[in-house]
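Asks: Got a structure here, written out as structure tokens. Questions coming.
The values are calculated or read from the model by the stated rules, or taken from the named source; none is laboratory data. Since the model is a prediction, treat every value here as computed from it, not as a measurement. For neighbour counting, all protein chains shown are included, and Cβ atoms are generated from backbone atoms with ideal geometry for every residue, glycine included. Remember, those area values only see protein heavy atoms, side chains included, never the ligands or the DNA or RNA. Shrake-Rupley method; radii C 1.70, N 1.55, O 1.52, S 1.80 Å.
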Amino acid sequence: MKVLYSWLRDYVSVPDGPAELGRRLSLRGLALEGLEPVAAGPAPDDAVPVGDDAVIDFDVTANRPDCLSVVGIAREVAAVYGLPLRMPGPEAPGHLRTARMAGADAASFTVTLDAPDLCPRFAGAAAGVRVAPSPAWMQHRLQALGVRPISNVVDVTNYVMLELGQPMHAFDHARLAGDAIVVRQARPGETLVTLDGKTRTLAPPQLVVADRDRAAAIGGVMGGLDSEVKDTTSRIVLEAAWWRPRSIRATSKALGLKTEASTRFERGADPTGQARAIARALALLEILGAGAADGPLVDAVAIPHVAPAIALTHAHVEGLLGMPVPVEAVERILHALGFSADATGPGAWRVTVPGWRPDVTRPEDLIEEVGRHHGFEHLPATFPPVLQAPPPSDPRIARDAVARRVMLALGFSEAISFAFIEAAAAEPFAAGAAPIALANPLSETFAVMRPSVLPGVVDAVSHNRRHGRRDVRVFEIATAFAAAGERRSLAAAWTGAAGGDHWSGGRRDVDFFDIAGAVEQIGRAYGVAATLAPDVPPYLVAGRAAAVAVDGATVGVCGLLDPAVAERRGIPRADAADVFVLELALDALATAAPPGATRVTPLPRFPAVVRDLALLVDDTLSAQSLRDTIRKAGGDSLISVELFDRFDPKKGDGKVSLAFRLTFQAPDRTLLDDEVQHSLVRIHQVAVAEHGAVRR
Amino acid sequence: MPTLSELVVRIADDDAAFATALAAVDATPAAARATALDALKIAWVGRKSGRIADLMALLPTLPPADRKAFGQQVNALKQRVEQALAEREATVAATRRPAHAVDLTLPGRAPLLGHRHPLSLVREEVQQIFTRLGYQVLEGPEIEDDWHNFEALNMHADHPARDMQDTLYLNEPLHATPHAPWAAASSARARAPQPLTLLRTHTSAMQIRYMEQHDPPVRLVAIGPVYRRDNLDLTHTPMFHQCEGLVVGKGITLAHLKGTLLAMAEALFGAGTDVRFRPSFFPYTEPSAEVDVRCISCAGTGCAVCKHTGWLEILGSGMVHPAVFEAVGYDPAEVTGFAFGMGIERVAMLKWDVGDIRLFYENDLRFLEQFSV
């Protein structure tokens, strides 16, 4: 809400200049949004002159419709400075006066409220007018607040809206058919050309102000073009009504039509301010020489406003704020803001809420008023008591930290990417299911929730490759989304050097066994044995990628990303065939073994015997099956089988040599050479029998 | 036969010649100096053909009476030459590498270490601060239902506060049970699962989930991503991270909130950091306050970072609204509480002077590598 500093001074003699005023109000709940110095402009004859003027822009929070008016802001200023507030009224001097309404004359129109719940009050008055431009001071004030001057009559209605917060409308009396104004729901398909020249098609329960024949205005939103005040208008009907906020919000939204009026009504205007607005507008017409009332105030009230009363205690005030606030300060603040606080006992009040404060419904709301005007700067810094040991934190935090540590140690940097991605980016990873789509995405780039965390790290590789970085290792721990719900996932991508990038040479690019090794290390950190199987989803290259399983259950994948997928994400073609990825479902890994649940194995008391065994086998035989055979045949004393060499002695003969380092050890004695030899022979025999192996 | 006086002149010439030769050696490049020094040594103190030896060879040609004086002068020259050579040799030896030595200044073989994401660093720091202050740290679902994200937080369908946050909705509701390892097995106050329709707009949704499942007292922080329909610019991204704090119990006050946030600000930004409360509005707190910290860039004197106000806004907070307690089945006459919500990105931007929030989501290694491993 913009206010003109000099206009504000009509109502309160604030001693500070605009900047200091803005600073002080910022600490009391009206945040200063902007301050634009302006030269002093024309002012009403009786206004207190100011030197330099300014337009002060306050950020009014959604709960304070009263501060969408100059008087509302003046009331806050008066409370902050402890100064009196000069309200427009019948007794007010000069240009602040309001008209005294004649009582007994017959009105030239009637008002019927056909939708009393949504429009419970409608005040109107007829006036004879001479339409002309409004005086310079009024035009200046309207323009300062961003409202375009139109004519004296229209400017008066806008001036009253800005001053008091009560939007008004003036109809050309001659363009209203009949003498009965009805506030009713629009008929289905009813149309109205609004002031902006657009034809609006209406539907119930949208409200209209109608004459005998048709709608003349969209209630609380915008008037109709046909009954607008023109240069030739000689008689008007002024409207000041109260509209139910949700009705205005729905209508404004449905029509895509937001006006100064609808903004105020949808937040909640003062339900007691209608007659006063009419009286103020009529006085201004007179002051401007633009016209005078012609007939009485017509004040249709279907549901009278009942001012809420709230019981408040001093103990509650201090108990919630945690700071001392003298009883007198509580009363002074509430009074300054327009509340009436009637003492019901020592330190107890019955507080009546003024109509312009629809936000105040509970004692806590009153305590906020007291607290902010007493000053939050007086709050001491104290600590809440700790009455019990905190329950354990979310176990996922410690669990995810394990994966993070391992990945950092393996040289991967941590990435964080948006959870919503392009539909095309999600598609390869969605396993044929439709990804979770957003109804109102910002753009196609953020259309669906990622079904996997891989797209983010693949995009990170793409970004870094395109920015000249050849070697990229990134990981992300984040949520992936599917119809079954959310799951926490670790994803990583690796391209370029795998190590040895050194002046002494030995540089090597990442291959399958690097990414498989990372999976192995993560499994080790969680105390589980991860096994790899050849079945992989289509976004990986079969034969260079694997499914990762723990205890027979699939927990993820690792291996070479399909170059076509990489290229579609912007990775240059030359590099698209070298992106290795992994993704592991952390929820599944943690179910298998909570971290830290392992026990230390005592160190062996008897020496180990190490023997190497090289076997020539078909190159189609997996190392895993040969290793399993050796383990099975080796007996209890074979405690470790490690493949340390793979060698192809005669290229093209389909045979390959696999060399294993076998460690034998017994927990209770030193093994004899014969025993180890016996085991080796048995291993050899079984390997020959099962795989046709030849010892080298 | 040469006379003593002639030979003394010759000694003096040799002395000068040695000084010149030595200076020439000193002027040779470091790499060639050892060789030049060896040559100089052979030329002067070589046993057979050195110039000192040449002088000595003249000794027998002198009359016996002069021999002593001549011998003393030649020896003096020899000592000067040997001392000068020894000094140079020592210098050369000191700069010469020992056998098998390597160039110690060549780059070492440094295994690659990953770098942490700054948001992850701030997140962990906040977790540690509140763990130290006796809080439970929780995470929660990112896809939420209307009840937990809005309704129970006193943001009803026609509440103006819904205008404040533009929410991202799912195309079709999701019928899944949000996974929460911290949730109690059952609670009389927990509602039956509802269709999940939106991306949570704040971690405040976690307040509701937790209070529905647990009786007071409550002392928790909830951290994680939240989503709003904000276009990307220097200070906005449609996904960002929040840290939510909630303390509920008998006699919790706004002053407790101030003490807690002051402790957090000092831990995050250094001792002596000041905080101030500005009254504000949130539907789920009453009273509500925006909290500023004294500008960490100018210490409050005013600069571009704080737009010359001396203060930086870091979070929104307040006393839990009684309507929120009613929604989760707490009795607002029995307990009070405070809550706050802070943007992790905002803290990171202030802490490291990051001018563009989008950098956090580009995952550019040139950015990430500026943060600790």
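Asks: Please note which helices (runs of 4 or more DSSP H) are completely contained in the stretch B:1-80 and include at least 3 residues that are over 20 Å from B:T91 (Cα atoms) and open to solvent by 60 Å² or more (accessible area, probe 1.4 Å). Please lay out each step first, then the result.
Replies: Values: elements: B:4-27, B:30-45, B:51-57.
The qualifying helices (runs of 4 or more DSSP H) are B:4-27, B:51-57.
Asks: Which one of these is under 26 Å from the mean Cα position of the chain (by Cα), in contact (Cβ under 8 Å) with a residue 12 or more places away in the chain and either over 30 Å from B:E124 (Cα atoms) or surrounded by fewer than 20 Cβ atoms within 10 Å (Cβ to Cβ) (or both): A:P395, A:P441, A:P428, A:P354?
Replies: Working: A:P395 fails: under 26 Å from the mean Cα position of the chain (by Cα); A:P428 fails: under 26 Å from the mean Cα position of the chain (by Cα); A:P354 fails: under 26 Å from the mean Cα position of the chain (by Cα).
Result: A:P441 is the single residue among A:P395, A:P441, A:P428, A:P354 that is under 26 Å from the mean Cα position of the chain (by Cα), in contact (Cβ under 8 Å) with a residue 12 or more places away in the chain and either over 30 Å from B:E124 (Cα atoms) or surrounded by fewer than 20 Cβ atoms within 10 Å (Cβ to Cβ) (or both).
Asks: A follow-up question, please. Name the single residue, out of those in the stretch A:368-392 being more than 7 Å from chain B (Cβ to nearest Cβ) and in contact (Cβ under 8 Å) with a residue 40 or more places away in the chain, that is surrounded by the fewest Cβ atoms within 10 Å (Cβ to Cβ).
Replies: A:H378
Asks: Out of (1) within 7 Å of chain A (Cβ to nearest Cβ); (2) over 24 Å from the mean Cα position of the chain (by Cα); (3) in a strand (DSSP E or B), the odd one out for B:P225 is which?
Replies: Against the list (1) within 7 Å of chain A (Cβ to nearest Cβ); (2) over 24 Å from the mean Cα position of the chain (by Cα); (3) in a strand (DSSP E or B), B:P225 comes up short only on (2).
Residues checked against (1) buried (at least 19 other Cβ atoms within 10 Å of the Cβ); (2) more than 11 Å from every other protein chain (Cβ to nearest Cβ); (3) assigned to a helix (DSSP H, G or I):
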position: A:A478; (1), (2), (3): yes, no, no
position: A:F481; (1), (2), (3): yes, no, no
position: A:A491; (1), (2), (3): yes, yes, no
position: A:A498; (1), (2), (3): yes, no, no
position: A:G506; (1), (2), (3): no, no, no
position: A:G517; (1), (2), (3): no, yes, yes
position: A:R524; (1), (2), (3): no, yes, yes
position: A:D535; (1), (2), (3): no, yes, no
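Asks: Here is a further query. For the condition in a helix (DSSP H, G or I) and small (G, A, S), what is the one hit in A:A588, A:A574? Full working, then the answer.
Replies: Numbers: A:A574 fails: in a helix (DSSP H, G or I).
Only one candidate passes the filter, namely A:A588.
Asks: Could I ask something else about it? Looking only at the stretch B:231-272, count every residue that is more than 8 Å from chain A (Cβ to nearest Cβ), open to solvent by less than 30 Å² (accessible area, probe 1.4 Å) and among the polar types (S, T, N, Q) and tell me the total.
Replies: Residues that pass the stated criteria total 1.
Asks: Here is a further query. Among the candidates B:V347, B:V320, B:V335, which residue alone is under 24 Å from the mean Cα position of the chain (by Cα), open to solvent by less than 40 Å² (accessible area, probe 1.4 Å) and touching a residue at least 40 places away in the same chain (Cβ under 8 Å)? Before you say what the answer is, go through the steps one by one.
Replies: Values: B:V320 fails: under 24 Å from the mean Cα position of the chain (by Cα); B:V335 fails: under 24 Å from the mean Cα position of the chain (by Cα).
None of the others qualify; the one that does is B:V347.
Asks: Out of all the residues in the stretch B:1-38, which are in contact (Cβ under 8 Å) with a residue 40 or more places away in the chain and among the acidic types (D, E)?
Replies: Correct list: B:D14, B:D15, B:D26.
Asks: Hey, among the residues in the stretch A:230-252 that are crowded, with 24+ Cβ neighbours inside 10 Å and under 20 Å from A:A107 (Cα atoms), which one's farthest from the other protein chains (Cβ to nearest Cβ)?
Replies: So the residue we want is A:I236.
Asks: Please work out if A:G82 is at pLDDT below 90, open to solvent by 20 Å² or more (accessible area, probe 1.4 Å) and over 13 Å from A:L21 (Cα atoms). Outline the logic, then answer.
Replies: Working: at pLDDT below 90: no; open to solvent by 20 Å² or more (accessible area, probe 1.4 Å): yes; over 13 Å from A:L21 (Cα atoms): yes.
Against the criterion (at pLDDT below 90, open to solvent by 20 Å² or more (accessible area, probe 1.4 Å) and over 13 Å from A:L21 (Cα atoms)), A:G82 does not qualify.
Asks: Which one of A:L603, A:L658 is surrounded by 12 or more Cβ atoms within 10 Å (Cβ to Cβ) and either outside the structural domain of A:R399 (by TED's automatic domain parsing) or assigned to a loop (DSSP other than H, G, I, E, B) (or both)? Break it down stepwise before answering.
Replies: Numbers: A:L603 fails: surrounded by 12 or more Cβ atoms within 10 Å (Cβ to Cβ).
One residue alone meets the criteria, A:L658.
Asks: For the condition surrounded by fewer than 22 Cβ atoms within 10 Å (Cβ to Cβ) and acidic (D, E), what is the one hit in A:E260, A:E266?
Replies: Just a single option satisfies the conditions, and that option is A:E260.
Asks: I need a count of the residues in the stretch A:20-59 that are farther than 26 Å from A:A136 by Cα and not in a loop (DSSP other than H, G, I, E, B).
Replies: Of the residues in that region, 11 qualify.
Asks: Would you tally the residues in the stretch A:129-183 being open to solvent by 30 Å² or more (accessible area, probe 1.4 Å), part of a helix (DSSP H, G or I) and of a type in the set (K, R)?
Replies: 1
Asks: Got a number for residues in the stretch B:199-219 being surrounded by 23 or more Cβ atoms within 10 Å (Cβ to Cβ) and either out of contact with any helix residue (DSSP H, G or I) (no Cβ under 9 Å at 6 or more places or on another chain) or facing another protein chain (nearest Cβ under 9 Å) (or both)?
Replies: Count: 3.
Asks: For the structure I just gave you, tell me whether A:A433 is over 29 Å from B:A339 (Cβ atoms), open to solvent by 50 Å² or more (accessible area, probe 1.4 Å) and not in a strand (DSSP E or B).
Replies: On the way: over 29 Å from B:A339 (Cβ atoms): yes; open to solvent by 50 Å² or more (accessible area, probe 1.4 Å): yes; not in a strand (DSSP E or B): yes.
So A:A433 passes the test.
Asks: In addition: Considering only residues of the stretch A:109-128 that are assigned to a loop (DSSP other than H, G, I, E, B) and open to solvent by 40 Å² or more (accessible area, probe 1.4 Å), which is nearest to A:G268 (Cα to Cα)?
Replies: Just the residues of the stretch A:109-128 that are assigned to a loop (DSSP other than H, G, I, E, B), to begin with: A:109, A:114-120.
With open to solvent by 40 Å² or more (accessible area, probe 1.4 Å) added as a condition, the list becomes A:114, A:116-117.
On the way: A:D114: 21, A:P116: 16, A:D117: 14 Å.
The residue in question is A:D117.
Asks: Pull up the stretch B:273-285, narrow it to residues that are assigned to a loop (DSSP other than H, G, I, E, B) and either of a type in the set (S, T, Y) or open to solvent by 30 Å² or more (accessible area, probe 1.4 Å) (or both), then point me to the one that is nearest to the other protein chains (Cβ to nearest Cβ). Spell out the reasoning first.
Replies: Looking only at the stretch B:273-285, we keep the residues that are assigned to a loop (DSSP other than H, G, I, E, B), and these are B:273-274, B:283-284.
Still in the list and also either of a type in the set (S, T, Y) or open to solvent by 30 Å² or more (accessible area, probe 1.4 Å) (or both): B:273-274, B:284.
Details: B:T273: 12, B:D274: 10, B:Y284: 12 Å.
Taking the candidates together, the pick is B:D274.
Asks: I would also like to ask the following. In this structure, does B:A222 turn out to be in contact with a helix residue (DSSP H, G or I) (Cβ under 9 Å, 6 or more places away or on another chain) and open to solvent by 10 Å² or more (accessible area, probe 1.4 Å)? Step through it out loud before you land on a result.
Replies: Numbers: in contact with a helix residue (DSSP H, G or I) (Cβ under 9 Å, 6 or more places away or on another chain): yes; open to solvent by 10 Å² or more (accessible area, probe 1.4 Å): no.
In short, no.
Asks: If we keep just the residues of the stretch B:100-126 that are within 7 Å of another protein chain (Cβ to nearest Cβ) and in contact (Cβ under 8 Å) with a residue 12 or more places away in the chain, which is surrounded by the most Cβ atoms within 10 Å (Cβ to Cβ)?
Replies: Ranking the qualifying residues of the stretch B:100-126, first place goes to B:H117.
Asks: I've got another one for you. Could you look through the stretch A:331-342, keep only residues that are in contact (Cβ under 8 Å) with a residue 12 or more places away in the chain and assigned to a strand (DSSP E or B), and pick out the one that is surrounded by the fewest Cβ atoms within 10 Å (Cβ to Cβ)?
Replies: Our first condition is that a residue be in contact (Cβ under 8 Å) with a residue 12 or more places away in the chain; within the stretch A:331-342, this holds for A:331-334, A:336-341.
Checking the rest, the ones that are also assigned to a strand (DSSP E or B) come to A:340-341.
On the way: A:S340: 14, A:A341: 19.
Among those residues, the one meeting the criterion is A:S340.
Asks: I need the full set of residues from the stretch B:322-351 which are assigned to a helix (DSSP H, G or I) and closer than 25 Å to A:V453 by Cβ, in order please.
Replies: B:I344, B:E345, B:R346, B:V347, B:A348, B:M349
Asks: Listed residues A:A566, A:A574, A:A553; which is among the small types (G, A, S) and surrounded by 13 or more Cβ atoms within 10 Å (Cβ to Cβ)?
Replies: Numbers: A:A574 fails: surrounded by 13 or more Cβ atoms within 10 Å (Cβ to Cβ); A:A553 fails: surrounded by 13 or more Cβ atoms within 10 Å (Cβ to Cβ).
Answer to the selection: A:A566.
Asks: Okay, next question. Restricting the stretch A:398-408 to residues that are among the aliphatic types (A, V, I, L, M) and touching a residue at least 40 places away in the same chain (Cβ under 8 Å), which is nearest to the other protein chains (Cβ to nearest Cβ)? Please lay out each step first, then the result.
Replies: Of all residues in the stretch A:398-408, those among the aliphatic types (A, V, I, L, M) come to A:398, A:401-403, A:406-408.
Retained after the next criterion (residues that are touching a residue at least 40 places away in the same chain (Cβ under 8 Å)): A:398, A:402-403, A:406-407.
Working: A:A398: 10, A:V402: 14, A:A403: 12, A:V406: 10, A:M407: 6 Å.
The residue in question is A:M407.
Asks: Is the stretch B:88-98 home to any residue that is assigned to a loop (DSSP other than H, G, I, E, B), surrounded by fewer than 15 Cβ atoms within 10 Å (Cβ to Cβ) and free of Cβ contacts under 8 Å to residues at least 24 places away in the same chain?
Replies: Within the stretch B:88-98, the first condition is being assigned to a loop (DSSP other than H, G, I, E, B), and the residues that meet it are B:96-98.
Then drop every residue that is not surrounded by fewer than 15 Cβ atoms within 10 Å (Cβ to Cβ), which leaves B:96-98.
Retained after the next criterion (residues that are free of Cβ contacts under 8 Å to residues at least 24 places away in the same chain): B:97-98.
Yes; the residues of the stretch B:88-98 include at least one that is assigned to a loop (DSSP other than H, G, I, E, B), surrounded by fewer than 15 Cβ atoms within 10 Å (Cβ to Cβ) and free of Cβ contacts under 8 Å to residues at least 24 places away in the same chain.
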